[in-house]
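Quick notes on the structure that follows.
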């Protein structure tokens, strides 16, 4: 049990050698970009730009994943922690005294 936990922490999920959630985000963004290009600019033949963007961004994600394997978890944890609670009330006094 402990070995499985340590293995999952030491080697985070990857998809095609890049961090999993960032690859999914890149794929969705690239497909939307290709759809918009096909919708508005299909007659000129620039629909390959979406595929080129996907390949270039995927290469950048692979490099980023090699540099910091947990970048995926760091980014999404920052989104979760970045929000503050608005209903907290400031109390007077020393909060850390016994």
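Rg over Rh for the range 12-72 works out to 1.09, both radii taken from alpha-carbon positions and Rh defined as the Kirkwood radius.
Multiplying the residue separation of residue 21 and residue 74 by 0.36 nm and subtracting their alpha-carbon distance yields 17.9 nm.
None of the figures in this text is laboratory data; all of them are computed from the coordinates on show. Just so you know, these numbers come straight off a predicted model, no measurement behind them.
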